[in-house]
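The values are calculated or read from the model by the stated rules, or taken from the named source; none is laboratory data. A quick note: this is a predicted structure, and the numbers were derived from the prediction, not measured. Using ideal geometry, Cβ is built from the backbone for each residue, glycine included, and neighbour counts are taken over all protein chains shown. With ligands, DNA and RNA removed, areas are computed over all heavy atoms of the protein, side chains included. Shrake-Rupley method; radii C 1.70, N 1.55, O 1.52, S 1.80 Å.
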Amino acid sequence: MEEQLEIYPRRRKEDLASRRLRKGMYVLPSLFTTANVALGCYALMQVIHGIVQYAVAKATHAPVQEWWHFDNAAKAIGFAVLFDGLDGRIARMTHTTSDFGRELDSLADVITFGIAPALLAWGWGFQQISTDISYTEVVTKLTHLGTIASFLFLIAGASRLARFNITVNPQPSNPGRPGKKYFVGMPIPAAAGVIAAVVHFSAGDPLVWWGSAVTWLLIVVIAAYLMVSTWRFYSFKDIDLRARQPFRLIVIFGLLFAGIWFFSKPMLFVIALTYMFSGVFWRLQWIFRRRGGHPPPTYKEASQIS
């Protein structure tokens, strides 16, 4: 009997608790994904409220005092970007990644970072343009083009997620520094963040001048193209939060958090557009270096997309 106990020792109570914790940890990243979907649903509802508010005001000839519905939708998308980044990191840190979690995350991204920002871009940027008699035809055409651009944003985001699901270790067409990790094409949360940051910068007040709507049309189309491109975007995945970091990195994070907390509108606007056009800058830099006879550095590490 003693020999059997030595060969098959009893499992300790703390080991059983550890197994239960490990089994339950799979729920943790899914909770963040669920919060992502909830914020996307809330953003959709807020955009619909804003569109209905405008329709009622137009029918009753009553001015709209505040457009906080669109701003609330932009804030919801912004918080969803944060939760989307956390669920992946938590899953990797706790070793609870799974095929189910990846598929759920992709479906959540289609809703929160595809449908919600596309509807927000359409309702905020192309529905409230003032219809001057001399520009009636221009406004009508611009509204139609805005609808097409919003659809392009949605289908580009869905296509990028589909590419992510079937591609293993992709490499950007303009590789960067060895040892750095890059996204292939702008990730859909970043593209949705551009839409949300611009809307939040305006405090939700919709565009009424057709010239501003043209600029907005270009931004939406550029964001859609960058998602399906093979250009590189820095992923920040080489920053290991569990490892020791230089003190200056903590200072930078602190200043960034304080800036967003007190000056969220200009800070998020600058961050979103800077990240968006960083891919364009690196692509142009790659082209000029190749034409100038300066070969770019050899890219040894396969890119990571998420």
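With the condition kept exactly as written, say whether any residue in region 134-154 is in a loop (DSSP other than H, G, I, E, B), closer than 21 Å to V208 by Cβ, among the hydroxyl-bearing types (S, T, Y) and open to solvent by 70 Å² or more (accessible area, probe 1.4 Å). Within region 134-154, not a single residue is in a loop (DSSP other than H, G, I, E, B), closer than 21 Å to V208 by Cβ, among the hydroxyl-bearing types (S, T, Y) and open to solvent by 70 Å² or more (accessible area, probe 1.4 Å). The number of residues in region 204-228 being surrounded by fewer than 21 Cβ atoms within 10 Å (Cβ to Cβ) and in contact with a Lys or Arg (Cβ under 7 Å, 6 or more places away or on another chain) comes to 1.
One line per residue, one yes/no per condition, for (1) over 15 Å from F113 (Cα atoms); (2) open to solvent by less than 20 Å² (accessible area, probe 1.4 Å); (3) touching a strand residue (DSSP E or B) at 6+ places or on another chain (Cβ under 6 Å); (4) of a type in the set (A, V, I, L, M):
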{"position": "L44", "(1), (2), (3), (4)": "no, no, no, yes"}
{"position": "Y54", "(1), (2), (3), (4)": "yes, no, no, no"}
{"position": "W67", "(1), (2), (3), (4)": "yes, no, no, no"}
{"position": "D71", "(1), (2), (3), (4)": "yes, yes, no, no"}
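Scanning region 184-203 for residues that are outside any helix (DSSP H, G or I), open to solvent by 20 Å² or more (accessible area, probe 1.4 Å) and in contact with a Lys or Arg (Cβ under 8 Å, 6 or more places away or on another chain) gives a single hit, A203. Note on region 238-264: among residues that are at pLDDT 85 or above and closer than 23 Å to G88 by Cα, the one that is surrounded by the most Cβ atoms within 10 Å (Cβ to Cβ) is I260.
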